[in-house]
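Below is one structure, written out as structure tokens; the observations come after it.
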Amino acid sequence: METKPSMYLSLIPFWFLCFILTTLASSSSSTWYDDHISLREVNQEENFNFGKDFLFGTASSAYQYEGAYLTDGKTLSNWDVFTSISGKIADGSQGKVSVDHYHRYPGDLDLMEDLGVNSYRFSLSWARILPKGRFGDVNKEGIDHYNRMITDILKRGMEPFVTLTHYDMPQELECRYGSWLNPQIREDFEHYAEICFRHFGSRVKFWTTFNEPNVQVILGYRKGTYPPSRCSKTFANCTRGGSDIEPLVAAHNIIRSHLAAVSLYREVFQEQQRGKIGIVMNAIWFEPVSDSLADRLAAERAQAFYLTWFLDPVVFGRYPREMQNILGQDLPKFTRDDLKISKNNGLDFIGINQYTSRYAKDCLHSACEPGKGGSRAEGFVHSNALKDGLALGEPTGVNWFNVYPQGMEEMLMYATERYRNIPLYVTENGFGENSTGVLLNDYRRVKFMSNYLDALKRAMRKGADVRGYFAWSLLDNFEWISGYTIRFGMYHVDFNTLERTPRLSASWYKNFISKHIISSTER
């Protein structure tokens with residue numbers, strides 16, 4: 001039978017034809033807006049109801065965005081000090097200026113308003129509010145700055161979604177007593193939380209205590225690549241630290257600090273301010289590298305030593321069974337008061353930062369290659385993005401980041417089932433590329449956002465109570481130890497002039513929101 005070309009065309013999804021056509025057209029005289037028109041059908045094929053209270057937003061963090069290094073009473077943070085050490089950041093850069101959001105936030109909020117988002121997730125700089133922690137005075141200029149910013153966010157019809165600390169803290173606390181390795185930090189964090197609740201809580205309805213404490217602890221105390229750069233020689237070339245025990249101590253103090261802040265909020269502020277409080281975790285989906293029972297159990301252990309390490313104590317009042325079985329007496333113990341707080345609901349929601357997925361291979365009952373990964377401290381699991389030389393999902397050129405949309409759906413369902421359908425917010429999700437030119441026609445980012453949002457919808461159809469999605473990020477910014485070598489922004493930033501230029505993804509996200517958000521007049 002003769003097959004006609006039209007038969008093949010009828011089998012190709014319309015959005016993919018658009019993608020091919022726009023790619024070909026980009027070599028001609030087409031404009032950025034023409035490309036937007038041809039891609040706007042992505043995700044239009046269905047009407048999906050996200051609900052009247054669903055939050056669409058963008059996400060940022062203080063150190064990555066603000067700049068204003070020692071402006072208006074701010075003192076040194078741990079990241080200010082860390083980035084000043086030669087060799088710590090890929091391109092030798094720092095966040096002293098970054099995208100100067102501290103001074104330019106009104107214009108950035110205008111960009112968000114144009115996108116149509118109804119929420120903005122940002123973090124406060126602890127060193128800007130309490131430069132010396134509880135050992136000094138509150139910095140009024142820092143309080144005034146964030147009050148002005150919150151006012152401007154609300155004026156634009158957006159909800160402030162505020163994180164108390166996103167990796168950064170006053171260097172004073174590291175120098176004075178070793179920060180997260182010392183139980184004193186709980187007292188400092190509770191004091192800081194009280195200041196923030198008191199000054200901002202009447203207008204902030206969404207609080208998160210920590211951003212990705214699992215990343216903070218693993219990279220800061222096990223691998224030594226984040227401040228305070230502590231690890232064992234077997235993990236990296238650190239001058240101090242212990243990769244087996246110190247991550248457990250730091251994590252325990254972070255969990256206890258979270259519980260103290262939640263208890264304070266519940267007892268003193270929540271009834272009057274009518275807000276909600278949670279925590280944000282980095283969430284990697286782990287696929288077993290094979291169908292063997294050993295590798296399936298390894299995938300469970302991978303979650304236990306990464307995600308549920310923090311969430312189980314907050315929700316259930318205990319560390320995961322897998323950690324207890326392997327680490328035994330090395331796991332710190334919770335006090336009776338800690339357990340009382342967790343039993344009285346240690347959070348109102350969970351924030352999920354979901355980017356990528358990895359394979360998990362058993363190293364408890366199977367032989368693993370020598371090298372990093374697979375140690376007792378890591379649950380005897382070796383995680384990798386490769387299986388038989390093939391990547392899980394699509395590689396991006398960023399070493400830790402493969403595109404695997406199914407991981408979003410799996411991760412949301414895992415959290416839903418394990419934590420009794422607790423409300424979830426996707427507090428970060430975005431596509432990063434190595435910094436090569438301006439690249440305004442960011443088709444890969446559009447495809448990434450479309451596919452991951454489709455995965456989010458599938459999870460919601462299956463019963464996941466997802467209540468928000470925040471794209472990382474509005475702007476290119478300082479990407480931690482990668483410096484300015486990786487770009488995640490829907491707006492390109494020229495780091496010499498700080499000019500913001502919209503990419504195709506900004507227009508796509510605006511179009512997506514306009515078709516899915518329910519305006520206040522429809523509620």
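The values are calculated or read from the model by the stated rules, or taken from the named source; none is laboratory data. Remember, predicted model here, so these are calculated numbers, not experimental data. Cβ placement follows ideal geometry from the backbone for every residue including glycine, while neighbour counts extend to all protein chains displayed. Quick note on the areas: whole protein, heavy atoms, side chains included, nothing else; ligands and nucleic acids left out. Shrake-Rupley method; radii C 1.70, N 1.55, O 1.52, S 1.80 Å.
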Once the whole set of protein chains is in place, how much accessible area is left on His252, using a 1.4 Å probe, in Å² to the nearest 10? 10 Å²
Enter the per residue convex hull volume of region 390-493, computed from alpha-carbon coordinates, in Å³ rounded to the nearest integer. 113 Å³
Both in Å, the radius of gyration and Dmax of the C-alpha trace of region 396-452 are 14.2, 46
Note down the accessible area of Lys361, probe 1.4 Å, to the nearest 10 Å². 70 Å²
Compute the separation of the alpha-carbon centres of region 147-206 and region 374-403 and state it in Å as a whole number. 34 Å
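Relative to the Cα centre, what is the charge dipole magnitude of region 171-210, using +1 at the beta carbon of each Lys and Arg, -1 at the beta carbon of each Asp and Glu, and rounding to the nearest 20 debye? Kindly include the intermediate steps, with their values, before the conclusion.
Values: 5 positive and 6 negative charges, 57 e Å.
With Lys and Arg at +1 and Asp and Glu at -1, about 280 debye.
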If you bin every alpha carbon distance in region 156-301 into 5 Å steps from zero, what whole percent lands in each bin? 2, 9, 16, 17, 16, 14, 11, 8, 5, 3, 0
Cα extents of the chain per principal axis, largest first, Å, are 74, 57, 48
So for region 264-381: antiparallel DSSP bridges make up what percent, rounded to the nearest 5? 10 percent
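How big is the equivalent ellipsoid of region 41-121 along its three axes, where each semi-axis is √(5λ) from the Cα gyration tensor, reported in whole Å from largest to smallest?
On the way: eigenvalues 240, 51, 25 Å².
One finds semi-axes of 35, 16, 11 Å for region 41-121.
What do the square roots of 5 times the Cα gyration tensor eigenvalues come to for region 83-133, in whole Å, largest first, as semi-axes of the equivalent ellipsoid?
For region 83-133, the ellipsoid semi-axes come out as 27, 17, 10 Å.
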How would you order 118-128, 152-162, 190-200, 322-332 from highest to lowest mean count of nearby Cβ atoms within 10 Å? 118-128, 190-200, 152-162, 322-332
Using the Cβ atoms and a cut-off under 12 Å, what net charge is assigned to the surroundings of Arg296, where Lys and Arg are +1 and Asp and Glu are -1? -3
Note on region 300-341: C-alpha Rg/Rh, Kirkwood Rh, two decimals, gives 0.96
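About the Cα centre of the chain, what is the dipole size in debye to 20, counting +1 per Lys and Arg Cβ and -1 per Asp and Glu Cβ, all else neutral? Mind dumping the intermediate values first?
Numbers: 58 positive and 61 negative charges, 199 e Å.
In total the dipole reaches around 960 debye.
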³J(HN,Hα) computed for each position of region 150-156 - Karplus, 6.51 cos²θ - 1.76 cosθ + 1.60, integer Hz, glycine/proline x: 4, 4, 5, 5, 5, 4, 8
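Please grab the % of Cα pairs in region 323-464 that end up more than 23 Å from each other. Show your work: numbers first, answer last.
Details: 5459 of 10011 pairs.
I get 55 percent for the Cα pairs in region 323-464 exceeding 23 Å.
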Overall Cα dimensions of region 245-389 - principal axes, largest extent first, Å: 57, 33, 24
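Per residue of the chain, what 222 nm ellipticity follows from adding -39500 (n - 2.57) for every DSSP H run with n ≥ 4, rounded to the nearest 500? Walk me through the numbers before you get to the answer.
On the way: 20 runs with 205 residues, N = 523.
After summing the helix terms and dividing by residue count, I get -11500 deg cm²/dmol.
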Quick one: accessible surface of Leu392, probe radius 1.4 Å, all protein chains present, in square angstrom to the nearest 10. 10 Å²
What does region 84-222 give for Rg and for Dmax, in Å, if only its C-alpha atoms count? 16.1, 45
Report, to two decimal places, the Cα Rg of region 279-348 normalised by 2.2 N^0.38 Å (N = number of residues). 1.24
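Could you order Arg458, Arg503 by accessible surface area, starting with the largest, using a probe radius of 1.4 Å?
Numbers: Arg458 85, Arg503 5 Å².
Heavy-atom accessible area, descending, gives Arg458, Arg503.
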